[in-house]
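Scroll down for the structure; my scribbles are underneath it.
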Amino acid sequence: MSNAPQIGIIMGSQSDLRVMKEAAEVLESLNVSFDLTVVSAHRTPERLFDYAHNARVKGLKVIIAGAGGAAHLPGMVASLTTLPVIGVPIKSSNSIDGWDSVLSILQMPGGVPVATVALDGAKNAGILAAQIIGISDNQLAEKLQVYKENLKEKVIQSVKDLAKNGWK
């Protein structure tokens, strides 16, 4: 990985790391540089403003923002930057089965888009962020193609394994 981060991974609290580490892991596997930190929309609003306003200057190309409960972090970041923001709703201890987080991130007003992945779907957020960067990075696009081919091979192997056991 190069030293300058291309993707910012932020979360509302350290307890969200159990989910958000999946985005980091997939980016590491693709050799995509990132930074990862806690930025609370409610407890550290000045930090949120600073992070969002300086993201492009730092060289970030995409921001992945995970939050539980009221989940304002992705939308607030999206309101402060022109970079693509991918929201990860997190089922947290203070959430209503995660629905509050899903709807808070999904139902953004016109003009402030946040790409939203599934509840606790940080892995997909990492892949989507890499795909966005892969638009202009052919080496990364090739790695993503290999990743997709490996997914296909896993399914084909599952079919073969089932057939060996007499299942069709």
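The values are calculated or read from the model by the stated rules, or taken from the named source; none is laboratory data. For clarity, every value in this text was computed on a predicted model and none was experimentally measured. Note that each Cβ is placed from the backbone with ideal geometry, even for glycine, and that neighbours are counted across all protein chains shown.
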### Filter result for residue 104 (hydroxyl-bearing (Ser, Thr, Tyr) and buried (at least 19 other Cβ atoms within 10 Å of the Cβ))
yes
## Note on the structure
Scanning the stretch 126-168 for residues that are of a type in the set (Phe, Trp, Tyr) and loosely packed, with under 10 Cβ neighbours inside 10 Å gives 167
### Task
Could you check residue 158 against (1) modelled with pLDDT under 95; (2) assigned by TED's automatic domain parsing to the domain that holds residue 29 and say which number it fails?
(2)
### Task
Search the stretch 7-31 for residues that are within 17 Å of residue 141 (Cα to Cα) and modelled with pLDDT of 95 or more and pair each with any residue that is surrounded by fewer than 18 Cβ atoms within 10 Å (Cβ to Cβ) and among the aromatic types (Phe, Trp, Tyr) when their beta-carbon atoms are under 9 Å apart and the residues are at least 6 apart or on different chains.
26/147; 29/147; 30/147
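Taking the stretch 27-51 on its own, how many of its residues are hydrophobic (A, V, I, L, M, F, W, C), more than 18 Å from residue 4 (Cβ to Cβ) and either touching a Lys or Arg at 6+ places or on another chain (Cβ under 8 Å) or not in a strand (DSSP E or B) (or both)?
4
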### Residue under evaluation residue 4, criteria (1) touching a Ser or Thr at 6+ places or on another chain (Cβ under 7 Å); (2) part of a loop (DSSP other than H, G, I, E, B); (3) modelled with pLDDT of 95 or more; (4) closer than 17 Å to residue 132 by Cβ, criterion not met
(3)
#### Entry: All positions within the stretch 76-98 that are at pLDDT 95 or above, surrounded by fewer than 20 Cβ atoms within 10 Å (Cβ to Cβ) and out of contact with any Leu (no Cβ under 8 Å at 6 or more places or on another chain)
79, 81, 82, 84
### Query
Could you list, in sequence order, the residues of the stretch 101-121 that are within 14 Å of residue 85 (Cβ to Cβ) and touching a residue at least 12 places away in the same chain (Cβ under 8 Å)?
104, 105, 106, 108, 112, 113, 114, 115, 116, 117
